[in-house]
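Just so you know, all these numbers are worked out from the coordinates, no wet-lab data involved. Model, not experiment: these values are computed from the prediction. Methodologically, a virtual Cβ is constructed for each residue, glycine included, from the backbone with ideal geometry; neighbour enumeration extends over all protein chains shown.
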């Protein structure tokens, strides 16, 4: 399903790396994901991130406990 | 888009656990758990392609109302969620009631589930069992995928791996 046909090119970059002047290719599944995230209200988007980050932090804490 | 399909990694992975699906978590969420600063809003898994596991995966996908992710279709497109169909698939980009889920049976640069399982880490996060790909395997698959978005995250992941190895 993930393919290059029908992909679109957008400009992108990362706060951590140098700005990216090259277009980034997105496949249809990624475009769909972006569309759905954009359709969320600001509060819904924040809720989604908060939920994801809470899970990630709990996982990181568990991994840190294993390393001790 | 309905809030019901917003990303909830805990709900997603708990559903896989409830149906006994054998998988390894890879991609951006796995990288985040290892300490990557990039936060993702989907989960990527490499499921076992064993026949019994595909039946369990099919049941889990049914339970979480998995649909094919497609531009212009916020709730996704319905598809045949049978084990038979899964056995003929290599990659499925899905949206579910717990958010987006990508299934890749043989992620780039890896030999699939059995290969990734060898060095995977089993952890329990808030009561949910997660089989997490080793950071080196996450890096290996992102390097092989060679997508721009992966290339941007690789420097941070390699640094994390160096730090991990320095602690061992």
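Which shape class applies to the stretch B:75-126: rounded if a/c is under 1.5, otherwise prolate when a/b exceeds b/c and oblate if not, where a ≥ b ≥ c are the square roots of the Cα gyration tensor eigenvalues? The shape class here is oblate. Annotation: the residues B:149, B:142, B:159, sorted from fewest to most other C-beta atoms within 10 Å of their own C-beta, follow the order B:159, B:149, B:142. Please label the shape of the protein assembly as shown as rounded, prolate or oblate, based on the square roots a ≥ b ≥ c of the eigenvalues of the alpha-carbon gyration tensor (a/c under 1.5 means rounded; beyond that, a/b larger than b/c means prolate, else oblate). Rounded. Neighbour counting of Cβ atoms within 10 Å sorts the residues B:106, B:24, B:138, fewest neighbours leading, into B:106, B:24, B:138.
Compactness of the stretch B:121-168 was expressed as the Cα radius of gyration divided by 2.2 N^0.38 Å, which yields 1.32.
Among B:114-123, B:38-47, the peptide with the highest mean count of other Cβ atoms within 10 Å heads the list, and the full ranking is B:38-47, B:114-123.
Spin-label model, residue B:50/residue B:73: points 7 Å from Cα along the beta carbon direction are separated by 3.3 nm. Nearest 10 degrees, 0 to 90: what angle lies between the long axis of helix B:135-145 and the longest principal axis of chain B (Cα atoms)? So the helix axis and the longest Cα principal axis differ by about 70 degrees. Per-residue ellipticity at 222 nm, computed for the protein assembly as shown from helices alone with -39500 (n - 2.57) per DSSP H run of at least four residues, works out to -14500 deg cm²/dmol. Note on chain B: with a GNM built from Cα contacts shorter than 10 Å, the maximum mean-square fluctuation among B:72, B:28, B:127 falls on B:72.
Three semi-axes describe the equivalent ellipsoid of the stretch B:1-54; taken as square roots of 5 times the Cα gyration tensor eigenvalues and ordered largest first, they are 21, 16, 9 Å. Listed from fewest to most Cβ neighbours within 10 Å, the set B:61, B:135 follows the order B:135, B:61. Shape class for the stretch B:1-155: rounded, because the ratio a/c of the largest to smallest gyration tensor axis (alpha-carbon atoms, square roots of eigenvalues) is under 1.5.
Determine the shielding of peptide B:39-49 by partner chains: average, over its residues, the number of Cβ atoms on other chains within 10 angstrom of each Cβ. Mind showing how you got there, number by number?
Numbers: counts 5, 3, 10, 5, 1, 0, 0, 0, 0, 0, 0.
Per residue, the average neighbour count from other chains is 2.
Annotation for residue B:126 and residue B:88: the two label points, set 7 Å from Cα along the Cα-Cβ direction, are 3.9 nm apart. Neighbouring Cβ atoms from other chains, within 10 Å of the Cβ of residues in B:124-131, number 3 on average. Which angle between 0 and 90 degrees, to the nearest 10, do you get for helix B:51-63 versus the longest principal axis of chain B when only C-alpha atoms count? Result, in degrees: 70. For the stretch B:55-70 versus the stretch B:116-167, the spacing of their alpha-carbon centroids is 25 Å.
The simple spin-label model puts a point 7 Å past each Cα toward its Cβ; for residue B:108 and residue B:59 those points are separated by 3.5 nm. To the nearest ten degrees, helix B:148-167 and the longest principal axis of the Cα atoms of chain B are 50 degrees apart.
Estimated at 0.36 nm per residue, the fully extended path between residue A:43 and residue A:57 surpasses their Cα-Cα distance by 3.0 nm.
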